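First up is the structure itself, then whatever we jot down about it.
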Amino acid sequence: MSRADLSTAPCQQNQFLLDHIRMLNDSLQHWTGRSLLDDGQLERDPIAAAQQLYHAPFALLSHGTEPDPIINYANLAAQTLFEMSWQEFIALPSRLSAETAVQQERNALLKRVSDNGYIDDYSGVRIAKTGRRFIIERATVWNLLDKDGNPQGQAAMFAHWKQLNR
């Protein structure tokens, strides 16, 4: 699958997406004091900010609060790494981004994030759609909160990964 095949994302002007980007950024700032974007960029030009995050050189993804959480955002770097289109990703239960053998490790990670608000030291093996395995390193994973402080899921970002042998 070519990079062009993976780049079919929703219109960056979609209000849900703009609100979601704001929640990703605001929640990260709440927990860590860090921002996904330059100071004030989201307010100045939210469409450009959404496009910048979608094309960022790091993977950024999130899932909701369903009983079996579904991925609800994956930028182009995440789509390319996991070898999935936008449409495939947003229908994927997030647990399926990891092999069955590491599900307990993944569950422990998510509990640690739920308990602490965020972590910035996660490393773990993930699997692409084709079965190719890779390890993500130094990932930041954080709880998503809406404007009223209600839980809305979790997000992860990472810029470091290594391909593994099958």
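By the gyration tensor of its Cα atoms, with a ≥ b ≥ c the square roots of the eigenvalues, what is the shape of segment 120-166: rounded for a/c under 1.5, prolate for a/b over b/c, or oblate?
Prolate, because a/c is 1.5 or more and a/b exceeds b/c.
Shape verdict for the chain, please, from the Cα gyration tensor: rounded (a/c under 1.5), prolate (a/b greater than b/c) or oblate. Provide the component values of the computation, followed by the final result.
Working: a/c = 1.63, a/b = 1.18, b/c = 1.38.
Cα axes put the chain in the oblate bin.
Given the rule -39500 (n - 2.57) for each run of at least 4 DSSP H residues, summed and divided by the residues of the chain, what is its mean residue ellipticity at 222 nm, to the nearest 500 deg cm²/dmol?
-10000 deg cm²/dmol
So what's the net charge close to residue 94: Lys and Arg +1, Asp and Glu -1, counting the other residues with Cβ under 9 Å from its Cβ? Walk me through the numbers before you get to the answer.
Working: positive: 95, 106; negative: 68.
That sum, taken over residues with Cβ under 9 Å, equals +1.
Would you mind classifying segment 28-85 by shape? Square roots of the alpha carbon gyration tensor eigenvalues, ordered a ≥ b ≥ c; an a/c under 1.5 is rounded, otherwise it is prolate if a/b is larger than b/c and oblate if not. Mind dumping the intermediate values first?
Working: a/c = 2.07, a/b = 1.35, b/c = 1.54.
Oblate.
For segment 28-58 and segment 100-166, what is the separation of their C-alpha centers, rounded to whole Å?
20
Fewest to most neighbouring Cβ within 10 Å: what's the order for 30, 63, 20, 160?
Details: 30 15, 63 25, 20 20, 160 12.
Taking fewest neighbouring Cβ atoms as first place, the list is 160, 30, 20, 63.
Read the figures in this text as sums done on the coordinates, not as results from a lab. Quick caveat: nothing in here was measured; it's all calculated off a predicted structure. Note that we place each Cβ from the backbone using ideal geometry, even for glycine, and neighbour counts take in every protein chain shown.
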